[in-house]
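Participant: Quick one: structure below, then a few questions.
The values are calculated or read from the model by the stated rules, or taken from the named source; none is laboratory data. All of these numbers come straight from a predicted model, not from anything done at the bench. Every residue, glycine among them, receives a Cβ derived from its backbone with ideal geometry; neighbour counts consider all protein chains shown. Heavy atoms of the whole protein, side chains included, go into the accessibility calculation; ligands, DNA and RNA do not. Shrake-Rupley method; radii C 1.70, N 1.55, O 1.52, S 1.80 Å.
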Amino acid sequence: MKARTLTKDKVNIITLGCSKNLVDSEVLSGQLKANDIDVAHENDKLDHNIVVINTCGFIDKAKEESINTILDQVDLKKRGKLDKVYVTGCLSERYRGDLEAEIPEVDAWFGTMELPLILKKFEADYKAELLGERFLSTPQHYAYLKISEGCNRTCSFCAIPLMRGGHISRPMEDLVKEAKNLVKGGVKEIMLIAQELTYYGLDLYKKRSLADLLNQLADVEGLEWIRLHYAYPNKFPMEVLEVMRDRKNICNYLDMPLQHASDHMLKAMKRQSTRKEMEDLIAAIRATNPGICLRTTLITGFPGETLEDVEEVKDFLIKNRFDRVGIFQYSHEENTSAYELENDIPAAEKQRRAEEIMEVQQEISLEKNMEKVGQTLRVLIDKKEAGRYLGRTEFDSVEVDNEVVIHSKKKLKIGEFVQVKITKAYDYDLEGEVVEL
């Protein structure tokens, strides 16, 4: 069946995976719009004729979701609902040859760094002057800012360097210009993202330069919150903590994936840190920045992990009392060094271990939330849902952390800050009332 061809192309971009992918999609959208091409994110109206799928290839579940999404869009093309299906992103970068053979109905495949080639398919020009002028898919009041691409680490479980290449920092002046453009468009919170924030600047400036970047971003007028995601513990640049403490618009929040607590596992994962080194760093962070919210992620089910290793993770959580914790179950990824090891822990056991660890963290999270009852906190309103407002404190990032359920007699604006007195606490959420100060 021949597809219904629109008189003018309309493009729908579907983004899967992490916030770094989301930024790539927003940059592509901005370029298409600048070339007078109609574009939408996650458009469910089916009034478009071209789809670009930005895929994730990180772990098995993400790969499965990406492939299912491609097949769904190919099916729409077969039924005459679409003219073209293009695929980009990490899955495409990693498995392009296999995918081209398996799904020939896709019109073109692109890697993670091939934006100009995608634009060529639309007879569009890459406009270098559009720095920072993205078409945001997030609400207007917050955005992600990707400060670097790729990673130089050799963690044995991770396929990111295979898909994104080595670490490449973006110039500081470009990032400041992009932040200013985002703030002009109404953005109040910027979340800094990279595969490894703390490596920033080594390639460009021959030294770790995250502290310098933070100082420049903190000077951007109108930028209310700056949030740090994905810091690496090894050789952590301690001067970053002083900047976070001294600059009032940098959130007292740090996302630092540690992956495990057992030295035996950390060595097998090639993490370059011991438990003692990580605990010393945590103590130093808290000494410099009292009240900081620490988020981490951990992996369970790595090859060779014993029940004693799992107990050590639980002990690590009890002793260090992180504010936020996420758990990933190990995924056996081709071409990583861990792929040579036997994937010797069944999926059901990985799940059981993850749940057991999260039960420990759930109790810690509830205790920490209970401490906030009676406090008045500054809250950013994200949305209104089922007749109530939902927001976040400076200690919470989008989607992954706690929300505050806000009660107010007055109508509130999405994207505004309000003072909220916390009245109730739950395992992972807070509840409170707007107070006039």
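Participant: Search the stretch 336-370 for residues being of a type in the set (K, R) and either touching a strand residue (DSSP E or B) at 6+ places or on another chain (Cβ under 8 Å) or touching a residue at least 12 places away in the same chain (Cβ under 8 Å) (or both), and hand back the single one that is surrounded by the fewest Cβ atoms within 10 Å (Cβ to Cβ). Let's see the steps before the verdict.
Facilitator: So the first thing to find is which residues in the stretch 336-370 are of a type in the set (K, R), and the list is 350, 352-353, 368.
Narrowing further to those that are either touching a strand residue (DSSP E or B) at 6+ places or on another chain (Cβ under 8 Å) or touching a residue at least 12 places away in the same chain (Cβ under 8 Å) (or both): 350, 353, 368.
Values: K350: 21, R353: 22, K368: 17.
Going through the qualifying residues, I end up with K368.
Participant: Give the residue that is nearest to L117 (Cα to Cα), with candidates limited to residues of the stretch 47-86 that are modelled with pLDDT under 90 and among the small types (G, A, S).
Facilitator: Here the answer is G57.
Participant: Please go through the stretch 305-335 and give me each residue that is crowded, with 20+ Cβ neighbours inside 10 Å and in contact with a Phe, Trp or Tyr (Cβ under 7 Å, 6 or more places away or on another chain), ordered by number.
Facilitator: Answer for the stretch 305-335, where residues must be crowded, with 20+ Cβ neighbours inside 10 Å and in contact with a Phe, Trp or Tyr (Cβ under 7 Å, 6 or more places away or on another chain): D323, Y330, E333.
Participant: What are the residues in the stretch 207-238 that are at positive phi and in contact with a helix residue (DSSP H, G or I) (Cβ under 6 Å, 6 or more places away or on another chain), if any? I'd like the intermediate steps shown before the answer.
Facilitator: Step one: of the stretch 207-238, the residues at positive phi are 222, 230, 235.
Once the filter is applied, which keeps residues that are at positive phi and in contact with a helix residue (DSSP H, G or I) (Cβ under 6 Å, 6 or more places away or on another chain), the stretch 207-238 yields G222, Y230.
Participant: Could you figure out which of (1) assigned to a strand (DSSP E or B); (2) of a type in the set (K, R); (3) over 30 Å from I318 (Cα atoms) isn't true of R227?
Facilitator: Single failed check for R227: (3).
Participant: Hey, among the residues in the stretch 55-78 that are touching a strand residue (DSSP E or B) at 6+ places or on another chain (Cβ under 8 Å) and not in a helix (DSSP H, G or I), which one's surrounded by the fewest Cβ atoms within 10 Å (Cβ to Cβ)?
Facilitator: So, considering only residues that are touching a strand residue (DSSP E or B) at 6+ places or on another chain (Cβ under 8 Å) and not in a helix (DSSP H, G or I), the one surrounded by the fewest Cβ atoms within 10 Å (Cβ to Cβ) is I59.
Participant: Considering only the stretch 381-433, state which residues are farther than 18 Å from K368 by Cβ and among the hydrophobic types (A, V, I, L, M, F, W, C).
Facilitator: I381, A386, L390, V398, I406, L412, I414, F417, V418
Participant: Keeping to the stretch 147-156, report how many residues are part of a loop (DSSP other than H, G, I, E, B) and touching a Ser or Thr at 6+ places or on another chain (Cβ under 6 Å). Spell out the reasoning first.
Facilitator: Just the residues of the stretch 147-156 that are part of a loop (DSSP other than H, G, I, E, B), to begin with: 147, 150-156.
Going one step further and asking which of them are touching a Ser or Thr at 6+ places or on another chain (Cβ under 6 Å), we end up with 156.
Residues that pass the stated criteria total 1.
Participant: Within the stretch 159-194, track down each residue that is open to solvent by 40 Å² or more (accessible area, probe 1.4 Å) and touching a strand residue (DSSP E or B) at 6+ places or on another chain (Cβ under 8 Å).
Facilitator: I168, R170, K188
Participant: For the stretch 272-283, what are the residues that are aliphatic (A, V, I, L, M) and either in contact with a Pro (Cβ under 6 Å, 6 or more places away or on another chain) or open to solvent by 30 Å² or more (accessible area, probe 1.4 Å) (or both)?
Facilitator: Residues satisfying the conditions are M278, L281, A283.
Participant: Can you spot a residue in the stretch 103-112 that is assigned to a loop (DSSP other than H, G, I, E, B), open to solvent by less than 40 Å² (accessible area, probe 1.4 Å) and closer than 30 Å to L223 by Cα? Spell out how you get there, then give the answer.
Facilitator: Going residue by residue through the stretch 103-112, those that are assigned to a loop (DSSP other than H, G, I, E, B) are 103-107, 110-112.
When the remaining residues are screened for being open to solvent by less than 40 Å² (accessible area, probe 1.4 Å), the result is 103, 106, 110-112.
Going one step further and asking which of them are closer than 30 Å to L223 by Cα, we end up with 112.
The answer is yes, given that some residue of the stretch 103-112 is assigned to a loop (DSSP other than H, G, I, E, B), open to solvent by less than 40 Å² (accessible area, probe 1.4 Å) and closer than 30 Å to L223 by Cα.
Participant: Restricting to the stretch 1-13, name every residue that is surrounded by fewer than 20 Cβ atoms within 10 Å (Cβ to Cβ) and either at pLDDT 90 or above or under 12 Å from F122 (Cα atoms) (or both). Write out each step before concluding.
Facilitator: So in the stretch 1-13, the residues surrounded by fewer than 20 Cβ atoms within 10 Å (Cβ to Cβ) come out as 1-10.
Answer for the stretch 1-13, where residues must be surrounded by fewer than 20 Cβ atoms within 10 Å (Cβ to Cβ) and either at pLDDT 90 or above or under 12 Å from F122 (Cα atoms) (or both): K8, D9, K10.
Participant: Where residues in the stretch 79-101 are loosely packed, with under 13 Cβ neighbours inside 10 Å and of a type in the set (D, E, K, R), which of them is nearest to T336 (Cα to Cα)?
Facilitator: The qualifying residue nearest to T336 (Cα to Cα) is D98.
Participant: Take the residues in the stretch 163-200 that are in a strand (DSSP E or B) and in contact (Cβ under 8 Å) with a residue 60 or more places away in the chain; name whichever of them is nearest to P237 (Cα to Cα).
Facilitator: Keep residues of the stretch 163-200 that are in a strand (DSSP E or B), which gives 168-169, 189-193.
Applying the additional criterion that residues be in contact (Cβ under 8 Å) with a residue 60 or more places away in the chain yields 189, 191, 193.
Details: E189: 23, M191: 19, I193: 16 Å.
Going through the qualifying residues, I end up with I193.
Participant: Take the stretch 126-158 and flag every residue that is open to solvent by 40 Å² or more (accessible area, probe 1.4 Å) and closer than 30 Å to F302 by Cα.
Facilitator: If the condition is that a residue be open to solvent by 40 Å² or more (accessible area, probe 1.4 Å) and closer than 30 Å to F302 by Cα, then N152, T154 are the ones that fit.
Participant: If only one of L294, L241 is farther than 30 Å from E308 by Cβ, open to solvent by less than 10 Å² (accessible area, probe 1.4 Å) and of a type in the set (A, V, I, L, M, F, W, C), which one is it? Don't jump to the end; show me each part of the working.
Facilitator: On the way: L294 fails: farther than 30 Å from E308 by Cβ.
The match here is L241.
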